């Protein structure tokens, strides 16, 4: 009897006693510690895959890799992984793997990602490539690791184009450069003694549109990246500038002053038919398609100072989008279509800012001087921009939450107008 | 079943007894309704003789009493007469004596005759009485047996009743004990609840500071993935040992994002140990801190 009562009482106590809950509402912005163990059978290869992956992850700002010298062991298979070793090093994740060669002479890397703290495998994968694609193999590892840990796709295999000014008069002073997003494997698409401006990617990633003065007058060109063939799209009197592909890559928005005043036009690429979409005595410039392709955002001085407006292509009616500050220009829409990034002048200093299109909330993302030409990564997590470092134009990158900022290693000359590629197949 | 038996015992026995009695009476009636004619005759004679005998005796006694009365009341008045009449009386007495002697002889023979008759009748009567006695004895025996059965039944009933009462009192006792125990337990419970409340209030401050410490330690370790958004939430269940070491972490409610859940789990695991819990009151630890739920719900993200 007493036992029953005791049991009953203890049951009452247990059932009435809910667990205390600790609510975590904040986090740290510290990078996640990760170990990229040198991959098996990679000695003597022309590229150091472990080093490329580590650099990718470090540069993202979200990871901090540990040096090879600190590793207590260098496992290449699962059974060689001693989680205690890695726990002692306070790393959250460890990446291991080994290279093999396929019968046709290609390289195949098998790699595995482990959650050190809970001692389990998160992912394992394979990536294959020619000897010339060892960097691609490394970036594929970085992309997979990044995506598995952060929940968003990695951008380490994407590309960029930018304009480089070598700073001396003569042929090849201005270069249109194509490169891996980490700056490696740069390739000059176009070199000219005359300025090259405003390169942009098609949404499929197969073409570049840009402005070149090679004919001594500005003209818009489209270059096919696979063949290197370029096509001149415009040759109007006056300003021909700021091309931008529509989401389906069938149209090109641009700024033309052929009618006397810079206005926004949309050209059908196949037919070259032009549609004028603005009509104002102010300067309308720097168009960009909205994510749904139904409207075009552009910079206009019609209100006195440069501000961003959006015009619906069907109705032709423009609406002002930005209201914060005296200067907002060169809009670019983020991949999710929900925000724009722009050049924003605050107290005489040019910064990169983002604005939520729905709420109108603006946020300044960069702190450097003379920041310009923002271009958003296809995963929407970062953007590239041009800035000045020790009097020299360099590329900077910033995460869209402004938590991570870094500048690319300096090139030979001034680097400007970077354009981040879409995801490439 | 036993109840029914018990309930019906008395009426059953009563009816049995009644039946037996009726049967006895019926038997008696059947055997005596048509007595043989001889016996009837004897009976009549007997009745006459008894009546006669009784009358004679009574008359004789009354005479004696009358004589005595006369003698006492008239003794003084009739003293003279007595003397005068003594002679006459003597003569009369002599005559009377002779008469009486004759009468006596006559009476004697008559009496003897009667006595013989009486003797005969008495013998018959005795025989009859004996028979009657036997019948009576049989009847008494039957009655005694019935009575014994009745007594037995009554005794059994009594015993059953006593047992029932005993059982009832035992049950009462048990019930009372149970009630007392229950009351005791309730009081104990109440007392414990009060004590717990007091202790809880005292411990609440301490517990809150420990909770704040735990919250801070985890928040410092939580690296939210860039895919995290305000409004996402996951719940972890963690087990802690008294050294403060976290021995088990389990996602009990997912945010729907593997990366978000893992970041939360890693935040807890990378804390490894809440050394501060070592200084905690062991009761408080057992009550509130051995198992904890950690809700991860970012509120400070931009989106």
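Here are the numbers for the structure shown:
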| quantity | calculated |
| --- | --- |
| Taking N as its residue count, the alpha carbon Rg of the stretch A:60-109 over 2.2 N^0.38 Å | 1.43 |
| Cα long-axis angle, helix A:49-59 against chain A (0 to 90 degrees, to the nearest 10) | 70 degrees |
| Principal-axis tilt of helix A:2-16 within chain A, Cα atoms, nearest 10 degrees | 10 degrees |
| Distance between the stretch B:229-303 and the stretch A:366-425 - C-alpha centres, whole angstrom | 38 Å |
| Bridge type composition, chain A - antiparallel percent by DSSP, nearest 5 | 95 percent |
| For residues of B:262-270, the mean tally of beta carbons on other chains within 10 Å | 6 |
| Cα-based shape type of the stretch A:96-159, given that a ≥ b ≥ c are square roots of the gyration tensor eigenvalues and the cut on a/c is 1.5 | oblate |
| Cα point-scatterer Debye curve for the stretch B:188-303, base-10 log of I(q)/I(0) at q = 0.12, 0.16, 0.17, 0.20 Å⁻¹ | -0.49, -0.77, -0.84, -1.04 |
| Rule-of-thumb Rg ratio for the stretch B:77-213 [Cα; 2.2 N^0.38 Å; N residues] | 3.64 |
| Footprinting exposure proxy for A:216, A:322 (fewest neighbouring C-beta atoms within 10 Å first) | A:216, A:322 |
| Helical contribution to [θ] at 222 nm, DSSP H n ≥ 4, -39,500 (n - 2.57), averaged over chain A, rounded to 500 | -3500 deg cm²/dmol |
| Sorted by Cβ density within 10 Å, fewest first, the residues A:281, A:146, A:406 | A:281, A:406, A:146 |
| Order of A:19, B:190, A:256 - criterion: other Cβ atoms within 10 Å of each residue's Cβ, fewest first | B:190, A:19, A:256 |
| Average Cα contact separation per residue, chain A, under 8 Å, 6 or more apart, as relative contact order % | 9 percent |
| Stokes-Einstein diffusion coefficient of chain A, Kirkwood radius over Cα pairs, 10 °C, 1.306 mPa s, in µm²/s | 66 µm²/s |
| Dimensions (Å) - the protein assembly as shown, Cα atoms, principal axes, largest first | 221, 65, 58 |
| Along principal axes, Cα extents of the stretch B:133-182, largest first, whole Å | 70, 8, 5 |
| The stretch A:43-173 - percent relative contact order, Cα under 8 Å, separation 6 or more | 18 percent |
| Of A:244, A:226, A:35, the one that fluctuates the most in a GNM where chain A has Cα springs shorter than 10 Å | A:226 |
| The stretch B:129-148 and the stretch A:109-137: distance between their alpha carbon centers, rounded to Å | 119 Å |
| Hull-based mean projected area of the stretch A:20-128, where the convex hull spans the alpha carbons, in square nanometres | 8.8 nm² |
| Translational D in µm²/s for the stretch B:261-303 (Stokes-Einstein at 4 °C, 1.567 mPa s, Kirkwood Rh from C-alpha pairs) | 103 µm²/s |
| Residue of A:374, A:218, A:171 that the Gaussian network model of chain A assigns the largest fluctuation, springs spanning Cα pairs under 10 Å | A:171 |
| Averaged over B:179-186, number of beta-carbon atoms from partner chains that fall within 10 Å | 2 |
| Percent breakdown of C-alpha pair distances by 5 Å bin, ordered from the shortest bin, for the stretch A:125-226 | 3, 12, 18, 19, 16, 12, 9, 7, 4, 1, 0 |
| The stretch B:104-150: C-alpha pair distances exceeding 12 Å, % | 70 percent |
| Mean separation of Cα contacts under 8 Å, 6 or more apart, over the residue count of the stretch A:117-172: relative contact order % | 22 percent |
| Helix A:134-150 axis, angle to chain A major axis (alpha carbon atoms, nearest 10°) | 70 degrees |
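Computed from the coordinates by the stated procedures, all read-outs in this text should not be read as laboratory data. From a predicted model like this one, the values you see are computed outputs, not experimental measurements. So basically every Cβ, Gly included, is an ideal-geometry build from the backbone, and we count neighbours across all protein chains shown.
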